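In what follows, a structure is listed as structure tokens, so that the remarks can point back to it.
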Amino acid sequence: MMRIIRSALLCATCFFALASGAASQERASLEDELASLPLVQTLDTADALKRRNSLSNDTAIPESERTSNGATTEDFDVQPVAREEMPLSVAYKELDIPGAHRPSVQKYRDYYLSEKSVKWLSSVLENGEQYRLYVREKLKERGMPSVLEYLPVVESGYTTNAKSKSGAVGLWQFMANSTKPFLVRNDFVDERLDPWKSTDAALAKLEENFNMFHDWPLAIAAYNCGAGAMARALAKNPGKDFWYLAEHKQLRDQTAQYVPKLLAVADAAENAAYYAVALPSAKDEKGEPVNPRAGRFDYAETKGSISVRRLAHELKIDEDTLSSLNSALFRGITPPADVWHIRVPEGMARSAQDAIAAIEPYRFQMRYTVHEGDSLWGIAKRFGTTVDALCDTNNVKSNAVLRIGKILYIPVK
């Protein structure tokens, strides 16, 4: 066991050293572009209520957080559901990760089963349905626990463009220094914002953690605190499991609460009928996916920078539809120097390829940093281009007030 832990610690140390070096080379422009994402304080909705209802937590959590559906934590009152009020005729379903009956899980389950919290959880699960179905399918393909379908509820409320105060982004809340080798991140692409690619990356990371620690609660907790931190905690406590580490304060409080929150959400959702609450299962009466085509789309190849807005216009489809399929393209254009496979609605690959062939790709003359007093009109005039072209290639509106330090790519007219 000690040999495994030392090996895990060495691997984790090397991984983080490499990630740190790579992160130092990231361009500041990407962070500038991501600054406009909605701020979602992950993991803290239950914490704020937990403090108000005298649930133990050593970490002070602000009460001003806003959930992904716009409701504030002050809108919720926790009224635990008593087991004696639940129908005895409904069989309880055990989760495929044990621990749902532990007291540390019970307090969160009481929260998620309160009347108003059920409404919030129902909204999260319903709005995230197309992504849940994709996660579910990939978990089945990989032979991973089905409980993990509910991890994005804890991470982001199934919000694809969520950004935490610490800078984690997307459905699975990847930090900038944790994307490699799983996700692409550069001046034109941030795959943390791609719900499908980030799902593949998150599951690969969780599987990597499991192969390192040989235990799912440890692997899940390591997703939150990092494999290096988990390896160090185990090195100090040989042979112990997650629950021991959490109960004996060998993990930071957020990580200690992370697995209980996941199991509480999963238990509430998977045993909704047992607890006499209504939560969307994304399954039909036969237990099959309600939308078996979720996560299905086609691709078309681009060479050079093609505007998502222009392609949507040529295909006569809604711009938001095409943008949501390609949310990693945060500038609204495909990368200029690479072949890129842009997602299009299923069945439209041929039409999209024909449309792309008729669109002249943008070429860029320079990368410009906005200074005090700059305007889109002034920049366009200075560099001999148009405001429309600037807006199209930088995903900004024509009436936008530019932030000092914002990076603009200046297209050739």
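The values are calculated or read from the model by the stated rules, or taken from the named source; none is laboratory data. Only a predicted model underlies this, so the values are computations on that prediction, with no experimental measurement involved. Cβ: placed from backbone, ideal geometry, glycine included. Neighbour counts: every protein chain shown. To get the accessible areas, we keep the full protein, side chains included, count just its heavy atoms, and leave off ligands, DNA and RNA. Shrake-Rupley method; radii C 1.70, N 1.55, O 1.52, S 1.80 Å.
Before moving on, here are some points about what is shown:
- Note on segment 148-171: residues that are under 20 Å from S323 (Cβ atoms) and either basic (K, R) or in contact with a helix residue (DSSP H, G or I) (Cβ under 7 Å, 6 or more places away or on another chain) (or both) total 8.
- Flag if L234 is touching a Phe, Trp or Tyr at 6+ places or on another chain (Cβ under 9 Å), of a type outside the set (F, W, Y) and open to solvent by less than 10 Å² (accessible area, probe 1.4 Å): yes
- Here H371 qualifies as more than 30 Å from A294 (Cα to Cα) and modelled with pLDDT of 90 or more.
Okay, residues lined up against (1) in a helix (DSSP H, G or I); (2) over 16 Å from P152 (Cβ atoms):
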residue: D187; (1), (2): no, yes
residue: W196; (1), (2): yes, no
residue: A202; (1), (2): yes, no
residue: K205; (1), (2): yes, no
residue: F210; (1), (2): yes, yes
residue: P217; (1), (2): yes, yes
residue: I220; (1), (2): yes, no
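- Any chance L121 is modelled with pLDDT of 95 or more and part of a loop (DSSP other than H, G, I, E, B): no
- When restricted to residues that are among the acidic types (D, E) and either under 14 Å from the mean Cα position of the chain (by Cα) or open to solvent by less than 10 Å² (accessible area, probe 1.4 Å) (or both), segment 188-222 contains 4.
- Considering residues of segment 223-255 that are assigned to a helix (DSSP H, G or I) and over 27 Å from the mean Cα position of the chain (by Cα) only, the residue nearest to M212 (Cα to Cα): L234
- For W243: the one exception among (1) open to solvent by 10 Å² or more (accessible area, probe 1.4 Å); (2) touching a residue at least 12 places away in the same chain (Cβ under 8 Å); (3) more than 20 Å from R109 (Cα to Cα): (3)
- For segment 375-409, the candidate set comprises residues that are open to solvent by less than 90 Å² (accessible area, probe 1.4 Å) and among the β-branched types (V, I, T); within that set, the residue that is nearest to I306 (Cα to Cα) is T393.
- Only residues that are open to solvent by 30 Å² or more (accessible area, probe 1.4 Å), of a type in the set (G, A, S) and outside any loop (DSSP other than H, G, I, E, B) were counted across segment 124-174, and they come to 1.
- Residues in segment 84-95 that are within 14 Å of A268 (Cα to Cα) and either open to solvent by 80 Å² or more (accessible area, probe 1.4 Å) or modelled with pLDDT of 90 or more (or both): A91, Y92, K93, E94, L95.
- Selection status of K413, free of Cβ contacts under 8 Å to residues at least 40 places away in the same chain and surrounded by fewer than 12 Cβ atoms within 10 Å (Cβ to Cβ): yes
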